[in-house]
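Each value in this text was obtained by applying a stated rule to the coordinates, not by laboratory testing. Small disclaimer: the values here were computed from a predicted structure and weren't measured. Note that each Cβ is placed from the backbone with ideal geometry, even for glycine, and that neighbours are counted across all protein chains shown.
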Amino acid sequence: MKILVTGAAGYIGSHTIVELLNNNYEVIGIDNFVNSKKEVVGKIEKVSGKKFKFIEGDVRDLEILNKIFNENDIEAVIHFAGLKAVGESVSMPIEYYDNNINSTLSLIKVMKKYRCRKFIFSSSATVYGAPNKLPILENFPLSTTNPYGTTKLVNEYILSDLYKSDNNWEITLLRYFNPIGSEKTGTLGENPNGIPNNLMPYIVRVAIGQLEKLYVYGNDYPTHDGTGVRDYIHVVDLARGHVKAIEKSKKGINIYNLGTGTGYSVLDVVKTFEKVNNVKIPYVITERRPGDVAECYADVSKAKREIEWEAKYNLEDMCKDSYNYIVKNIKK
Ligand code: NAD
Ligand code: UFG
């Protein structure tokens, strides 16, 4: 089966292409490198030992998409491409709405024309807003608190309306919790430019001495140690979830949480990271980060039941692999 993967050079896209190639899918990747590097394409081939077709371009560009669909018999699309920084989305809402919504509209227009109706969309746990109950089930109420989150929710609505208009579509909305880690060789991973916003990219920079200490955003949440609790998931498990979603794709709007189902606090992550990597992570407690929720973790039973997927890596693996990647890719 030929699959078009958008955002192919990104953190989750690159890991997913490796898994797809390992499972003998034919992949066509597209990325405009707005948040990734060209060298990732070669790295994917190195890690998987297989070649794939890659096109540099913007997913909103109908001419490029038409050419891709015209020249290849594409059966499914996995749509990762998008802008993803919550804080940036607040200061640049137009760019976020344009990129994250118009990319989906372009894709589904061209898919419709070429009668390709299998679509896997990268959604996020952020669409649950501040959940009233835990663990989070797929049918919980939806809301957002920032433009990034709103783009995810609007995409979900667009795809649901598309299905209502034509019941032949097979649409899967994957709501990721907190992906961290990297594949075993430490070739692919996450290394954002500038000072990282997310916990694990920040911790690894402290571990290698590029940042002095971690700022823990609040220790007065109603959690076991007062710090925020999240459902961290190994990116390789997440990537495997996409292969399962393709295998089990069916008509309808099919929504799955992809997480481990277990919540860990900021200090749990720090302690585990220190233990498995034998490094010290100095930290200070500072005030809460605006917009953060106390706890967020998934009920993952639906994915297990319907697409036969569950995470197999634990927090120790995630901490080891995140560190391995940064050690092998330190920017001097
Ligand atoms: P990433 O930024 O590493 O990857 C996204 C890729 O898309 C980048 O390589 C970027 O260059 C590319 N891109 C962006 N806009 C494009 C466009 N218009 N045309 C072509 N390429 C474009 O992000 P990621 O962590 O791999 O996330 C992938 C998807 O998963 C995103 O949609 C993101 O919102 C979603 N998601 C991520 C997380 C997370 O914590 N990483 C959590 C939930 C959901
Ligand atoms: N945290 C710190 N210090 C830091 C960074 C984070 O204490 O320097 C804490 C946060 O307060 C939170 C936890 O670590 O309690 C995790 O924070 P992240 O920024 O790593 O992740 P979030 O859960 O805030 O958000 C992430 C993605 C969103 C996505 C969401 C749900 O950034 O895009 O997961 O999937 F929507």
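Points to keep in mind about this one:
- 3J(HN,Hα) from dihedral phi, region 122-132, Karplus parametrisation 6.51/-1.76/1.60, rounded to Hz, x for glycine, proline: 7, 9, 8, 4, 4, 5, 8, x, 9, x, 7
- I136 long-range amide H proximity, modeled H, under 5 Å: Y297, A298, D299
- Square roots of 5 times each gyration tensor eigenvalue, C-alpha, region 1-82, largest first, Å: 18, 15, 10
- In Hz, Karplus ³J(HN,Hα) per residue of region 150-157 (6.51, -1.76, 1.60; θ = phi - 60°; x = Gly, Pro): 5, 4, 5, 5, 4, 4, 4, 5
- Under 5 Å, built H, 5+ apart or other chain: amide partners of I28: I3, L4, V5
- A simple spin-label model places pseudo-atoms 7 Å from Cα toward Cβ; at K67 and N314 they are separated by 5.0 nm.
- Contour minus Cα-Cα distance for I94 and R288 (0.36 nm per residue): 67.1 nm
- All C-alpha to C-alpha distances of region 171-213, sorted into 5 Å bins beginning at zero, yield P(r) values of 5, 18, 23, 23, 15, 8, 4, 2, 1 percent in whole numbers.
- On the principal axes of its alpha carbon atoms, region 35-183 extends 47, 38, 30 Å, with the longest extent given first.
- The chain, relative contact order [Cα under 8 Å, separation at least 6], %: 19
- In the chain, the calculated helix contribution to ellipticity at 222 nm averages -12500 deg cm²/dmol per residue, counting -39,500 (n - 2.57) for every DSSP H run with n ≥ 4.
- Summed residue charge, Cβ within 11 Å of E295's Cβ, Lys/Arg positive, Asp/Glu negative: 0
- Scalar couplings 3J(HN,Hα) for region 27-39, obtained by applying the Karplus form with A = 6.51, B = -1.76, C = 1.60 to θ = phi - 60°, are 10, 10, x, 9, 7, 9, 6, 5, 9, 7, 10, 4, 4 Hz; x denotes Gly and Pro.
- Among the trypsin sites (Lys or Arg not before Pro) within region 47-130, those in coil by DSSP and having at most 12 neighbouring Cβ atoms inside 10 Å are K51, R115.
- Evaluated at q = 0.11 Å⁻¹, the base-10 log of the normalised Debye intensity for the chain, with identical point scatterers placed on the Cα atoms, takes the values -0.68.
- Here Y157 and M1 are evaluated by their C-beta separation; at R0 = 25 Å the FRET efficiency comes out at 0.35.
- Residues with amide H under 5 Å from that of I233, placed H, sequence gap 5 or more: N178, I180
- Count Lys and Arg as plus one, Asp and Glu as minus one, and take only other residues whose Cβ is under 10 Å from that of R117; the net charge is then +1.
- Prolate/oblate/rounded label for region 170-242 (Cα gyration tensor, a/c 1.5): oblate
- Three semi-axes describe the equivalent ellipsoid of region 186-332; taken as square roots of 5 times the Cα gyration tensor eigenvalues and ordered largest first, they are 29, 20, 13 Å.
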